[in-house]
Amino acid sequence: MNNSFPQLTSKRQKNSQTRSLYLDHRSELDIYSVPRFKKSIDLKTRKNNQALSLFPANSPKPSRKKLRIALYSHDTMGLGHKRRNLLIMQTLNSSNLDADILMISGMSEANNFSMPPGIDCLTLPALYKKSDGKYQSRRLDLSLSEIINLRSQVIRTTIQTFEPDVLIVDNVPRGAMRELDSTLEYLRQTKQTYCILGLRDVLDEPSVIRQDWQRSHNEQIIQNYYDAVWVYGDTKVYDPVQEYQFAPETSAKFHYLGYLDQTARLQFTDEASKQAVKSLNLPSNRLILCLVGGGQDGAQLAEVFAKSKLPSDAYGLILTGPFMPESVRQRIQAKVNKRSDLFLLEYFPEPTLLIKQADRVIAMGGYNTTCEILSFQKQALIVPRIQPRKEQLVRAERLQAMGLVDLLHPDRLNASNLSKWLKKPEHLPKVRGQIDLNGLTRIPQFLAEVFAVPRSHQSI
């Protein structure tokens, strides 16, 4: 593999208190221009940041040479943010960056995997995003302001104590309900942490994002607090800088890394998950897999699939997700029990294994599920979520136009239309070569360049 990088360049933005990284986001080089970070990896001279400590203030701080990386995801709806950050964390851990990695997650399921040395998870009190887009506490009897204040303090104290060299924030520049504001301000004052915002390919319809981002001052936040913005996508599918009309001072920090190749999950899958597939004792017929994300709003698709006519040489498997209401799951289970060609799973630790085995996939169109479909080049029908955001619909429309997936609008979701699609001739999409799936390769390369890690110490 070619390990060379384009010539390093930098461009200082006027009226900004942070560095900005210059990238011609339409460059065919398709990597990025990365200035080296000012701080050395040898952190013996790191200043005391006055974080809460059980040790006296004048206690000598131990020196360290390992990089420290923190990842944050708010995790208020579904499993997508957590699964994306988990894959990034596992990728960084398997590289030779020699780092301690801490994932700050709003979902306890983030801990449901085997953690090798060097990585750990901290779970925040859970928030829940309702279908109307409003937030509430998921489990604790706390008001919204109380739980946001609690989460905000936990995040800041964790960052102060862990002292990360890199902070990677998933998708929301200010965090859920602006819970990252105090942490970002603290990090700007200390100037010890390289802050990265990671964005999926599509956020929502352009008019909605322009309004939302203007109201939240997200562009100013990026310009003042973030060193780089990673886009886990390909401009051939969707170009957020162009679609959302970001200002030059914002777009200068954008780096298109490519979609995240989900086949990488297989190398991180533990033996227990592999055995779990075998223990299902699934038939040897062709597998039609129905996925509804976390399950909280996937009841309609699951129920319609349970009424659809499957090919005679195939069987169906519905994965309901851990957040589907129990009453809804039981209703679907009752339909499944009446059929010999249909099975239901409430939760599976690594659904990638099921997608790999499937012949066809019918699914909602979240980022991770769509990436899995593309990575394994599966024939798929996307029935996207359209509330509270149209992100899934926009993504599915673009991919359908490229001939990579089929699309069924949820307004046309019924058993007849699903059955008709299942009768279509086999057509396996040729994804690789059409879109960039090299995001996971570029993430450790990017950080290695920022911190000037010698090339011989990188894992490519």
Hits in the range 369-410 - residues which are in a helix (DSSP H, G or I) and acidic (Asp, Glu): GLU372, GLU391, GLU397
Residue within the range 95-112 that is surrounded by fewer than 22 Cβ atoms within 10 Å (Cβ to Cβ), touching an Asp or Glu at 6+ places or on another chain (Cβ under 7 Å), part of a loop (DSSP other than H, G, I, E, B) and modelled with pLDDT under 90 present: no
Counted residues, the range 342-367 - those being touching a strand residue (DSSP E or B) at 6+ places or on another chain (Cβ under 8 Å) and crowded, with 17+ Cβ neighbours inside 10 Å: 15
Yes/no for ARG156 being of a type in the set (Lys, Arg), touching a residue at least 24 places away in the same chain (Cβ under 8 Å) and closer than 16 Å to ILE168 by Cβ: no
Number of positions in the range 267-288 that are surrounded by fewer than 22 Cβ atoms within 10 Å (Cβ to Cβ), of a type in the set (A, V, I, L, M) and at pLDDT 95 or above: 1
Pairs, first in the same structural domain as LEU413 (by TED's automatic domain parsing) in the range 299-312, second of a type in the set (Gly, Ala, Ser), C-beta under 6 Å, six or more apart: VAL304/ALA415; LYS307/ALA415; SER308/ALA415; SER308/SER419; LYS309/SER419; LEU310/GLY316
Pairs where the first residue, in the range 266-279, is in the same structural domain as GLU350 (by TED's automatic domain parsing) and part of a helix (DSSP H, G or I) and the second is surrounded by 10 or more Cβ atoms within 10 Å (Cβ to Cβ) and modelled with pLDDT under 90, C-beta under 6 Å, 6+ apart: SER273/PRO349; SER273/GLU350
Residue count for the range 378-406, restricted to those that are surrounded by fewer than 22 Cβ atoms within 10 Å (Cβ to Cβ), closer than 21 Å to ASP132 by Cα and among the basic types (Lys, Arg): 2
Qualifying residue in the range 292-306 (condition: under 22 Å from the mean Cα position of the chain (by Cα) and either surrounded by fewer than 17 Cβ atoms within 10 Å (Cβ to Cβ) or assigned to a helix (DSSP H, G or I) (or both)): no
Residue within the range 380-394 that is more than 22 Å from PRO206 (Cα to Cα) and touching a Lys or Arg at 6+ places or on another chain (Cβ under 6 Å) present: no
Any hit, the range 413-430, residues being outside any helix (DSSP H, G or I) and under 28 Å from SER131 (Cα atoms): yes
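The values are calculated or read from the model by the stated rules, or taken from the named source; none is laboratory data. The model shown is predicted, which means the values in this text are computed figures rather than measured ones. Reconstructed Cβ throughout: ideal geometry from the backbone, glycine too, with neighbour counts over all protein chains shown.
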